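Heads up: the structure comes next, in C-alpha cells.
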Amino acid sequence: MWIITTYSILNNTTMFEYENEIEARKAFKEIQGCKILSEVIYFSDSKLALDVY
C-alpha cells in the first residue's frame, strides 16, 4: 500500500491511499504543496516477508 500525506498552512493533514506504486507516483506528481510519499508494508503480509534464518 502507498500513502500520500499532504500538509497545509492551516495545519490540515490529508492522507490518500493507493494500491500500487505507479498510481501513487502519478498522483504525487499532480499534487502541489508539502507532501510525503510512503510505502506501508504490513509484517503479516506473507507476500512481502523475507525468509531469514
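Quick one: in region 25-44, which of the residues that are among the polar types (S, T, N, Q) and assigned to a loop (DSSP other than H, G, I, E, B) is most open to solvent (accessible area, probe 1.4 Å)?
It comes out as GLN32.
Using beta carbons and a limit of 8 Å, which pairs, at least six apart or on different chains, have the first residue in region 26-45 and within 17 Å of THR13 (Cα to Cα) and free of Cβ contacts under 8 Å to residues at least 60 places away in the same chain and the second one among the hydroxyl-bearing types (Ser, Thr, Tyr) and exposed (fewer than 11 other Cβ atoms within 10 Å of the Cβ)?
GLY33/SER8; CYS34/SER8
Looking at (1) assigned to a loop (DSSP other than H, G, I, E, B); (2) at pLDDT 85 or above; (3) not β-branched (Val, Ile, Thr), which is the one condition that is false for LYS47?
Of (1) assigned to a loop (DSSP other than H, G, I, E, B); (2) at pLDDT 85 or above; (3) not β-branched (Val, Ile, Thr), only one is false for LYS47: (2).
Taking region 1-24, which residues are open to solvent by less than 70 Å² (accessible area, probe 1.4 Å) and either small (Gly, Ala, Ser) or assigned to a helix (DSSP H, G or I) (or both)?
Within region 1-24, SER8, ALA24 meet the criteria.
The values are calculated or read from the model by the stated rules, or taken from the named source; none is laboratory data. Predicted model, so just to flag it, every value in this text is computed and none were measured. All Cβ positions, even for glycine, are placed from backbone atoms using ideal geometry, and neighbour counts span all protein chains on display. Calculation scope for accessible area: heavy atoms of the full protein, side chains included, ligands and nucleic acids excluded. Shrake-Rupley method; radii C 1.70, N 1.55, O 1.52, S 1.80 Å.
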